[in-house]
Amino acid sequence: MAAKLKIGILGATGAVGQRFVQLLEGHPWFEVAALYASERSAGRPYGEVVDWRVPVTRPTYLDDMVIRHMEPDGAAELVFSALPKGPATDIEPRFAGAGATVVSNASAYRMAPDVPLLIPEVNPEHTALIPHQRRQRGWDGCIVTNPNCSVVGLVVALKPIHDAFGLLSVQVATMQAKSGAGYPGPPPEVIGDNVLPFIGGEEDKLETEPAKLLGTLVDAEIRPAEITVSAQCHRVDVLDGHLEAVSVALETKPSPAEVGRVLREFRGLPQEAGLPSAPAEVIMVSVEEDRPQPRLDRDAGEGMTVTVGRLRTCPVLDFKFVVLSHNTIRGAAGAALLNAELLCHQGYLSRS
Ligand code: NAP
């Protein structure tokens with residue numbers, strides 16, 4: 001049996017970092033060898049520093065591991081980044097330059113032309129940018145990224161619709177969970193009994209990332225899909241799970257039954273290859289008229305299955321539906337884990 005790959009977590013104490021700690025316990029391919037956080041936390045044991053907020057019992061297997069200073073120290077060949085955009089901009093290239101494969105949640109490099117922005121069920125072939133990135137930047141390592149947490153659920157649903165019916169444009173209104181704002185997030189007196197109709201930078205991500213994800217790899221370049229997206233983003237008083245109301249204009253005009261069929265049948269490379277974090281069901285289609293709901297459906301497929309419901313024709317565009325995905329699992333730590341498993345499967349990382 002191949003040895004486990006030693007991995008590190010950059011930003012291990014935050015909302016997404018804690019999800020990595022949860023999801024990596026007992027992972028068949030990866031073993032946590034190093035934890036990194038800010039100077040506030042470095043030098044102290046993880047169990048003493050972490051303010052555990054994930055709604056599952058805190059795993060204790062890393063309690064005694066001392067948090068490292070955020071410097072590339074060769075402790076891990078693969079590092080997951082759960083850093084905010086600002087620190088990620090400087091820190092991720094330093095780790096990649098020192099030879100690490102950086103699998104990032106941060107937005108800093110998502111739209112860089114030589115950096116793969118990946119959802120393994122949607123565009124696994126975009127990893128072919130990696131050798132080009134290494135040549136261009138003179139790195140032994142590399143950076144690959146997963147999309148914004150709202151973009152993942154949206155694009156998983158859009159991919160089979162695009163392939164079957166030709167996507168032209170998208171209107172999306174999001175209702176995003178509090179955990180999407182990191183820790184400590186909006187205080188109860190701000191978010192309680194309330195909806196916040198602004199999330200800084202979010203609408204721009206929803207309007208730009210889908211075209212890259214659905215784009216075509218030509219030589220060492222991604223040609224963006226020719227789609228237009230209009231997004232309105234809202235923060236709501238929900239713990240986990242981003243809900244999105246979506247309308248699409250299409251080249252052909254399918255019935256709800258036809259859309260339901262292509263969504264249900266959607267499978268990708270992770271399912272075919274049996275990657276450890278791949279959900280058996282990529283998309284669960286709800287038949288109840290009042291689903292999906294964050295509290296009831298966010299944990300489908302251990303947080304990796306995207307739930308779509310309320311399939312119906314739209315009197316303004318052509319078709320509309322509601323999509324739900326778990327923002328810190330499918331939208332963040334689980335997404336990055338699946339990206340790293342894809343890199344192993346494709347030979348960009350070796351476990352031997
Ligand atoms: P968070 O809860 O604020 O955690 C940030 C982490 O980064 C903490 O471990 C913190 O360490 C560390 N850190 C902060 N500033 C640092 C600095 N200057 N130098 C070194 N370490 C520093 O953030 P989050 O919600 O987990 O988000 C992390 C990243 O994932 C962000 O880029 C975010 O956009 C992205 N993301 C988040 C979600 C989500 O649903 N939350 C989804 C998708 C993507 P200390 O604890 O020591 O301060």
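The values are calculated or read from the model by the stated rules, or taken from the named source; none is laboratory data. Everything quoted here is computed from the prediction, not taken from an experiment. Every residue, glycine as well, gets a Cβ built from its backbone with ideal geometry; the counts of neighbours run over all protein chains shown. Accessible surface is based on the protein model in full, side chains and every heavy atom, while ligands, DNA and RNA are left aside. Shrake-Rupley method; radii C 1.70, N 1.55, O 1.52, S 1.80 Å.
Where both residues lie in segment 32-151, what percent of DSSP beta bridges are antiparallel, nearest 5?
The antiparallel fraction comes to roughly 10 percent.
Taking a 1.4 Å probe, which of Leu23, Leu117 shows the most accessible area, and what order do the others take after it?
Listed by decreasing accessible area, they come as Leu23, Leu117.
Which longest uninterrupted range of the chain lacks any GluC sites (Glu not before Pro) assigned by DSSP to a loop state (not H, G, I, E or B) and surrounded by at most 14 other Cβ atoms within 10 Å?
Within the chain, the longest run free of exposed GluC sites (Glu not before Pro) spans 40-225.
Output needed: percent of Cα pairs per 10 Å distance bin for segment 275-352, bins running from 0 to the one holding the longest distance.
19, 38, 26, 13, 4, 0
Using only Cα atoms and rounding to the nearest 10 degrees, what angle (0 to 90) does helix 256-265 make with the longest principal axis of the chain?
Helix 256-265 sits at roughly 30 degrees to that axis.
For segment 260-341, with all protein chains present and a 1.4 Å probe, just round the carbon and sulfur fraction of the accessible area to a whole percent.
C and S fraction of accessible area: 45 percent.
How long are the three semi-axes of the equivalent ellipsoid of the chain, in whole Å, if each is the root of 5 times an eigenvalue of the C-alpha gyration tensor, listed from largest down?
Here the semi-axes work out to 32, 24, 18 Å.
Relative contact order for segment 211-265: what is it in percent, counting Cα pairs under 8 Å that are at least 6 residues apart?
Averaging sequence separation for qualifying contacts and normalising by length gives 19 percent for segment 211-265.
Which residues' amide hydrogens lie under 5 Å from the amide hydrogen of Phe30, considering only partners 5 or more residues apart or on another chain, with H built in the peptide plane?
Those qualifying (amide H under 5 Å, at least 5 residues apart or on another chain) are Leu5.
Once you keep just the Cα pairs under 8 angstrom separated by 6 or more residues, what percentage relative contact order results for the chain?
17 percent
Given the rule -39500 (n - 2.57) for each run of at least 4 DSSP H residues, summed and divided by the residues of the chain, what is its mean residue ellipticity at 222 nm, to the nearest 500 deg cm²/dmol?
The per-residue figure over the chain is -8000 deg cm²/dmol.
Going toward the positive end of the dipole of the chain, with +1 on Lys and Arg Cβ and -1 on Asp and Glu Cβ, which of Gly268, Ala245, Met304 do you reach last?
Ranked along the dipole, the leading option is Gly268.
Once both axes come from the Cα atoms, what is the angle between helix 85-97 and the longest principal axis of the chain, in degrees from 0 to 90, rounded to 10?
So the helix axis and the longest Cα principal axis differ by about 60 degrees.
Considering only protein heavy atoms, with the full assembly of protein chains and a 1.4 angstrom probe, order Leu10, Leu239, Leu311 by accessible area, largest first.
Largest accessible area first, the list is Leu239, Leu311, Leu10.
Between Glu281 and Asp219, with labels modelled 7 Å along Cα→Cβ, what's the label distance in nm to one decimal, could you check?
4.5 nm
Which of rounded, prolate, oblate describes segment 77-236, given a ≥ b ≥ c as roots of the alpha-carbon gyration tensor eigenvalues and a/c under 1.5 marking rounded, otherwise prolate only if a/b is larger than b/c?
It comes out oblate by the Cα gyration axes.
Taking the full set of protein chains and a 1.4 angstrom probe, give the accessible area of Leu196 in square angstrom, rounded to the nearest 10.
Around 40 Å² of this residue is reachable by solvent.
Taking a spot 7 Å from the Cα of Gln232 along the direction of its beta carbon, which residues of segment 155-193 have an amide N less than 17 Å from it?
Residues 170-176 fall inside that zone.
What does the charge count near Asn123 come to, summing +1 for each Lys or Arg and -1 for each Asp or Glu among other residues with Cβ under 11 Å from its Cβ?
0
Can you compute the FRET efficiency between Gln271 and Arg135 using 1/(1 + (r/R0)^6), with r the Cβ-Cβ distance and R0 = 51 Å? Round to the nearest 0.05.
The formula returns an efficiency of 0.95 here.
Please check which bits of segment 229-253 a label hung off Thr313 would reach, taking the label as a point 7 Å along Cα-to-C-beta and the cut-off as backbone N under 16 Å.
248-253
So what's the angle, to the nearest 10 degrees on a 0 to 90 scale, between helix 149-165 and the longest Cα principal axis of the chain?
The helix 149-165 is inclined about 50 degrees to the chain.
Using unit Cβ charges (K, R positive; D, E negative) and no other charged atoms, how large, in debye to the nearest 20, is the dipole of the chain about its Cα centre?
180 debye
From the residues Ala157, Leu129, Val144, which one has its Cα farthest along the dipole of segment 120-194 in the positive direction, the dipole being from +1 and -1 charges on Cβ of Lys/Arg and Asp/Glu about the Cα centre?
The one lying farthest along the dipole's positive direction is Leu129.
For each pair in Lys6/Lys85; Lys212/Lys253; Lys159/Lys320; Lys205/Lys253; Lys178/Lys205; Lys6/Lys178, compute the distance between the two Cα atoms and list the pairs where it is over 21 Å.
Listed pairs above 21 Å: Lys6/Lys85; Lys212/Lys253; Lys205/Lys253; Lys6/Lys178.
Antiparallel as a % of all DSSP beta bridges within the chain, to the nearest 5?
Restricted to the chain, the bridges split so that about 45 percent are antiparallel.
In terms of solvent-accessible area of protein heavy atoms at a 1.4 angstrom probe, what is the ranking of Phe198, Phe321, highest value first?
Phe198, Phe321
Return the ratio Rg/(2.2 N^0.38 Å) for segment 217-261, where Rg is computed over Cα atoms only.
Taking N as the residue count of segment 217-261, the ratio is 1.73.
Taking every pair of alpha-carbon atoms in segment 154-238, give the share separated by more than 18 Å as a whole percent.
Result: 52 percent of Cα pairs exceed 18 Å.
Quick one: compute the contact order of segment 155-301, relative version, from alpha carbon pairs under 8 angstrom and 6+ residues apart, as a percent.
Across segment 155-301, relative contact order equals 34 percent.
Find the centroid of the Cα atoms in segment 294-316 and in segment 102-136, then give the distance between the two in whole Å.
Using only Cα atoms to place each centre, the spacing works out to 27 Å.
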